[in-house]
1. Between ARG22 and ILE53, what is the label-to-label distance in nm when each label sits 7 Å out along the Cα-to-Cβ direction?
2. In nm, to one decimal, how far is the modelled label at GLU60 from the one at LEU31, with both set 7 Å along Cα→Cβ?
3. When ranked by the protection proxy of mean other Cβ atoms within 10 Å per residue, highest first, what sequence do the peptides 45-55, 23-33 form?
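FYI, it's all coordinate maths here, none of it is from the lab. Quantities reported herein were computed from a predicted structural model and do not represent experimental measurements. FYI the Cβ positions are ideal-geometry reconstructions off the backbone, even for glycines, and counts take in every protein chain you see.
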Amino acid sequence: MSRRTQQVEDLLRTEISQILLRRIHDPRVRLASVSEVDVSPDLKRAVVQVSVIGTDEEREASIEALRHAQGFVRSCLAKDLKRMRSIPELIFQLDRGPEYSQKISDLLEKLHDDEHEST
């Protein structure tokens, strides 16, 4: 990954987080936070990984709301980031990393408990 790509990812992560916090008033998005942004090498697409607190239905509703607000978020970025020549297409995805981490932690704890019970 180039230095420029990394800079764009950091900038987009910060700016999109601010937009979600201050400009989007959809209640489905209030518990969403940007965990990672991956920009393509040509800077034309950005995959925005979003972590959402809540049930599976609430998570899916948040991602759907973000996909619906994609144009609004992109236009806000264009206004705020005038030094960028073009704003990448945004693709919102649910970040399941924390969910998988919790599942692994639960499994390890269960193994640990089973080991102590057998001794």
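1. Once both label points are built, they end up 2.2 nm from each other.
2. 1.6 nm
3. Working: 45-55: 17.5, 23-33: 15.8.
Top to bottom by mean Cβ count within 10 Å: 45-55, 23-33.
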